[in-house]
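The values are calculated or read from the model by the stated rules, or taken from the named source; none is laboratory data. Source: prediction; values computed, not measured. Cβ placement follows ideal geometry from the backbone for every residue including glycine, while neighbour counts extend to all protein chains displayed. The accessibility values were calculated without ligands, DNA or RNA, using every heavy atom of the protein model including side chains. Shrake-Rupley method; radii C 1.70, N 1.55, O 1.52, S 1.80 Å.
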Amino acid sequence: MADWFQIPQRTWANYETGRSDPNLGFLIKLHERGYEIPGLTDGSAKEVLDKISNETGLTHDEIYRQRIEQLKDLPPETTVENFPPADYKQELNQNAPAVPSQAFDIFRLRHGTTVTLAATETDFDALVLLPVFTQTAAAGKGQPETQLQEIDKYIPIVLEMLGGANPRNCGIVRVVGDSMTDMNLFNGDFVIFDRTQIEGDGVYVISIGSDVRVKHLEYRPIERKIVISSENAKRYPNPEIISYEQAENILRIHGKVISWIHKHPY
């Protein structure tokens, strides 16, 4: 290992035994070779990385990449204890919808004026601002796909409606079409989905080819098939069935529907 990293064997032995901490130059070498480096995330192990990921919506790889960017201008001999505090920024990409920094707000009327008061995740009446994407999700024919990247606005949602899901992982799309009416999901409703829930049977926001839809997915592992069905037995009685191999090429799961905002259709 000492030869591999071009450092003295005694230096490597000191790193292993904890007699000394590796400097930034060595940690960056580790990072470039694909190793996870606790020192780049304030001494964190996997549990702490998971906590950072849960708080920010970032993957472990994104956490490391951002930490490298924060530290790369420091002298290579800088030691871990002299690293500046970490500051992780949530990124907008095709898998991680952005959310506002003020994650939890309580809105109340006071003297005829709406005011914002600080809240926590445990407050029963807390509201959270979630992004509404310009992309609609069809409960029917389908809409052109934009990968849910463009945000139209933010709307307040009662935190309890998320069922414990992290708001930073949630987004909202408006439904068009009538293929899900048997489960009381109607044209014009807003569905809230959690992008971290992408496995198992349930109702999901998905893309099939160039269409974004809200559909029910049922996995049949023995047959290696996925049944994609509507919830309108009269109008759409025949589900679409694709193989696991086909799914790898044409199916993309954006997240599981965890609740929706419903207006009476009549």
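The figures follow:
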item	result
Residue pairs meeting the criteria (Cβ under 7 Å; at least 6 apart or on separate chains; first modelled with pLDDT under 75, in region 62-82; second exposed (fewer than 13 other Cβ atoms within 10 Å of the Cβ) and of a type in the set (A, V, I, L, M, F, W, C))	none
Residue, most open to solvent (accessible area, probe 1.4 Å), within region 160-184, restricted to residues that are assigned to a helix (DSSP H, G or I) and within 17 Å of Lys256 (Cα to Cα)	Glu160
Subset of region 67-88 (residues that are open to solvent by less than 20 Å² (accessible area, probe 1.4 Å) and over 17 Å from Pro22 (Cα atoms))	none
Restricting region 202-240 to residues that are part of a loop (DSSP other than H, G, I, E, B) and touching a Phe, Trp or Tyr at 6+ places or on another chain (Cβ under 7 Å), the residue that is nearest to Ile192 (Cα to Cα)	Ser230
Filter pass, Val257 being farther than 17 Å from Gly200 by Cα, under 21 Å from the mean Cα position of the chain (by Cα) and part of a strand (DSSP E or B)	no
